[in-house]
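Take a look at the structure below.
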Number of protein chains: 2
Amino acid sequence: MNYFKQFRVKPGSRVQLSKIDTSFKGEHENHKSALPEIQQYDRKIRDLQYLMYAEQKHSLLICLQGRDAAGKDGTINHVLGAMNPQGCTVTGFKQPSAEEADHDFLWRCHKAVPRRGHVAIFNRSHYEDVLVQRVHKMVPRKVWSKRYEHINHFEKLLTDNDTLVLKFYLHIDPEEQLSRFKQRIDDPARHWKISESDYREASYWDEYTAAFEDALEKCSTDHAPWFVIPANHKWFRNLAISHIVTRALESLNMAFPAPTVDIESIRKKYHALNRAEAREGKVPKNKSKSPK
Amino acid sequence: MNYFKQFRVKPGSRVQLSKIDTSFKGEHENHKSALPEIQQYDRKIRDLQYLMYAEQKHSLLICLQGRDAAGKDGTINHVLGAMNPQGCTVTGFKQPSAEEADHDFLWRCHKAVPRRGHVAIFNRSHYEDVLVQRVHKMVPRKVWSKRYEHINHFEKLLTDNDTLVLKFYLHIDPEEQLSRFKQRIDDPARHWKISESDYREASYWDEYTAAFEDALEKCSTDHAPWFVIPANHKWFRNLAISHIVTRALESLNMAFPAPTVDIESIRKKYHALNRAEAREGKVPKNKSKSPK
């Protein structure tokens, strides 16, 4: 199977979320049987990330979108768990600050894109400006309707600068959302984060569906594809995303840069010398007594 | 044992690094026997980090210093592996950019301190300005000698704002450093990052020792302690740091905030209602067919 191809929103195609199975499981029945495959991707992702860091040519931007409780946080934990955290940044885009709102809608996102060799994950993203802002009529249609094109141009700027842009919509259904809300209610350690607004947002389900479908249709491009990931099963969501990230990184055909020094001469000059010095007791004083 | 107490540089005390065993192993003989204890701390750290995030009162800043190959990167991987990466940022402080050099030495570090509820890890830190800058005489003594006091004032500002500041010096000896350099030479995937300057820096071993000792003595305060961590054994370094971070977080006596809503009324209003709606087929269309 090739989830890259299967879940990618083909540029120019129509999206009907109601026709896409939120509970898709592919070849595995459950988490246990999928685990070896997930771990295999995760090891590859770590190696590829290291290669990307070493090569200093590409960078990777992952945008996560989805309704409340769709699993954005869980996905980030999973994907970052596979990576070296030093080469990654995660930026959450909530309600804009006063300073952010005083700029164009892409300003705060542009500041957070990954530097060369690095990975950035957006927990929500510039797409919020064609989702929540549209659904709640925070800006008029003539403003949000122009944003799709701005987004495509912005993402082209990034990909032309060798940033790989992957966008995931985590696809759950209303029953799954409600059941996840319920789990929070049933767990005292999560009571502090329950708010009635989650439930109010859920009542805009259809409006959000329309807004998501528009964003997916208008902004899944050859350079920056959208993927609709069946996400009722958390393990399948992780499997599919790890699979797609692996494939995408592999397609970059990266290679380690050549060493900047002559390794053999370094080896002779320092590692021979220092063994001799050590024998003569010339190394500095604070040596360990116990053998390693 | 209490590594918090054992490895802390007592404010006002003298530090002689040559007297501190770089190969200390405590109660365990090897990684295997230490692993259950390390994992226990790591689980606690994750819970405490979550509590800190929920409570939104404290934050945590971890500064890592040490010579080349002392294990700063490995420590970050380990500590972050125990945490939720979304609540953490890692900032590396290498040679200052032109913009950074045009400001006071604390400017770039202040920008990177953790926000409330979050964790920040500094890979090298503001201490570079009393280490490399002093050893290589990049600024005159009258400049660097004033910096210790600025550092103490800066860290007091942070701790007064409920940031927990923990500073770790990773203590290895020259043989261990050379052996780690050698491992890089012997691994083709790491050739690209070998530079002769690592070896040149090593020849300033004693000058760095003096500079580290001064920093540890002058800047280990009651509010922001320094710890000297025996780091020849990577597993012991991880054990000791996880132990100290756990203890320090526990001492904050954090608690979950009270819920902002009445949980029972939410339960009745939405979870009862929605079950009824579901029975009447009122929930939106795209429901999953397969049971979860």
Can you pull out every residue in segment B:68-77 that is within 11 Å of chain A (Cβ to nearest Cβ) and among the charged types (D, E, K, R)?
B:LYS72, B:ASP73
For segment B:113-134, enumerate the residues that are hydrophobic (A, V, I, L, M, F, W, C) and either within 13 Å of B:LYS167 (Cβ to Cβ) or surrounded by fewer than 18 Cβ atoms within 10 Å (Cβ to Cβ) (or both).
B:ALA120, B:ILE121, B:PHE122, B:VAL130, B:LEU131, B:VAL132
Considering every residue within segment A:23-44, establish whether at least one is over 28 Å from A:GLN177 (Cβ atoms), in contact (Cβ under 8 Å) with a residue 60 or more places away in the chain and touching a helix residue (DSSP H, G or I) at 6+ places or on another chain (Cβ under 9 Å).
yes
With respect to B:ALA202, determine if the residue is within 8 Å of another protein chain (Cβ to nearest Cβ) and not polar (S, T, N, Q).
no
Among the residues that make up segment B:165-178, is at least one of them under 28 Å from B:ASP222 (Cβ atoms), part of a helix (DSSP H, G or I) and modelled with pLDDT of 95 or more?
no
Selection status of B:ILE185, under 29 Å from B:PHE236 (Cβ atoms), crowded, with 21+ Cβ neighbours inside 10 Å and of a type outside the set (D, E, K, R)
no
Boolean, B:LEU80 is within 12 Å of chain A (Cβ to nearest Cβ), touching a Leu at 6+ places or on another chain (Cβ under 8 Å) and either closer than 20 Å to B:LYS234 by Cβ or of a type in the set (Ser, Thr, Tyr) (or both):
no
For segment A:14-55: of the residues being among the acidic types (Asp, Glu) and over 20 Å from the mean Cα position of the chain (by Cα), which is nearest to the other protein chains (Cβ to nearest Cβ)?
A:ASP21
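For (1) within 19 Å of A:TYR127 (Cα to Cα); (2) at pLDDT 95 or above; (3) of a type outside the set (A, V, I, L, M), each residue gets a yes or a no:
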| residue | (1), (2), (3) |
| --- | --- |
| A:ARG8 | yes, yes, yes |
| A:VAL15 | yes, yes, no |
| A:LEU35 | no, yes, no |
| A:LEU51 | no, yes, no |
| A:SER59 | no, yes, yes |
| A:GLY71 | yes, yes, yes |
| A:LEU80 | no, no, no |
| A:ASN84 | no, no, yes |
| A:CYS109 | yes, yes, yes |
Looking at B:HIS223 and the list (1) within 25 Å of B:ALA69 (Cβ to Cβ); (2) touching a Lys or Arg at 6+ places or on another chain (Cβ under 8 Å), which single condition is not satisfied?
(1)
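Yes or no: A:LYS268 in a helix (DSSP H, G or I), modelled with pLDDT under 95, surrounded by fewer than 21 Cβ atoms within 10 Å (Cβ to Cβ) and more than 7 Å from chain B (Cβ to nearest Cβ)?
It is true that A:LYS268 is in a helix (DSSP H, G or I), modelled with pLDDT under 95, surrounded by fewer than 21 Cβ atoms within 10 Å (Cβ to Cβ) and more than 7 Å from chain B (Cβ to nearest Cβ).
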Could you list, in sequence order, all residues of segment B:80-97 that are among the polar types (S, T, N, Q) and assigned to a loop (DSSP other than H, G, I, E, B)?
B:ASN84, B:GLN95, B:SER97
When (1) at pLDDT 95 or above; (2) within 14 Å of chain A (Cβ to nearest Cβ); (3) surrounded by fewer than 19 Cβ atoms within 10 Å (Cβ to Cβ) are applied to B:SER197, the one that fails is (1)
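Would you be able to say whether some residue in segment B:140-155 is among the aromatic types (Phe, Trp, Tyr), out of contact with any helix residue (DSSP H, G or I) (no Cβ under 6 Å at 6 or more places or on another chain) and either outside any helix (DSSP H, G or I) or farther than 30 Å from A:ARG46 by Cα (or both)?
Taking segment B:140-155 first, the residues among the aromatic types (Phe, Trp, Tyr) are B:144, B:148, B:154.
Still in the list and also out of contact with any helix residue (DSSP H, G or I) (no Cβ under 6 Å at 6 or more places or on another chain): B:154.
Among the residues that remain, those that are also either outside any helix (DSSP H, G or I) or farther than 30 Å from A:ARG46 by Cα (or both) are: B:154.
The answer is yes; a qualifying residue exists.
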Residues satisfying the stated conditions in segment B:59-79, i.e. of a type outside the set (Lys, Arg), part of a helix (DSSP H, G or I) and surrounded by 20 or more Cβ atoms within 10 Å (Cβ to Cβ):
B:THR75, B:ILE76, B:VAL79
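Identify, from the list B:GLN56, B:GLN86, the residue that is in contact with an Asp or Glu (Cβ under 9 Å, 6 or more places away or on another chain) and either under 19 Å from B:ASP42 (Cβ atoms) or surrounded by fewer than 19 Cβ atoms within 10 Å (Cβ to Cβ) (or both). Quick ask: steps written out before the conclusion?
On the way: B:GLN56 fails: in contact with an Asp or Glu (Cβ under 9 Å, 6 or more places away or on another chain).
Checking each option against the conditions leaves just B:GLN86.
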Please go through segment B:83-129 and give me each residue that is hydrophobic (A, V, I, L, M, F, W, C), more than 13 Å from chain A (Cβ to nearest Cβ) and farther than 21 Å from B:HIS58 by Cα, ordered by number.
B:ALA98, B:ALA101, B:PHE105, B:LEU106, B:TRP107
Examine segment B:220-232 for a residue that is within 27 Å of B:VAL132 (Cα to Cα), within 10 Å of chain A (Cβ to nearest Cβ) and modelled with pLDDT of 95 or more, and state whether such a residue exists.
yes
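The values are calculated or read from the model by the stated rules, or taken from the named source; none is laboratory data. Just so you know, these numbers come straight off a predicted model, no measurement behind them. Using ideal geometry, Cβ is built from the backbone for each residue, glycine included, and neighbour counts are taken over all protein chains shown.
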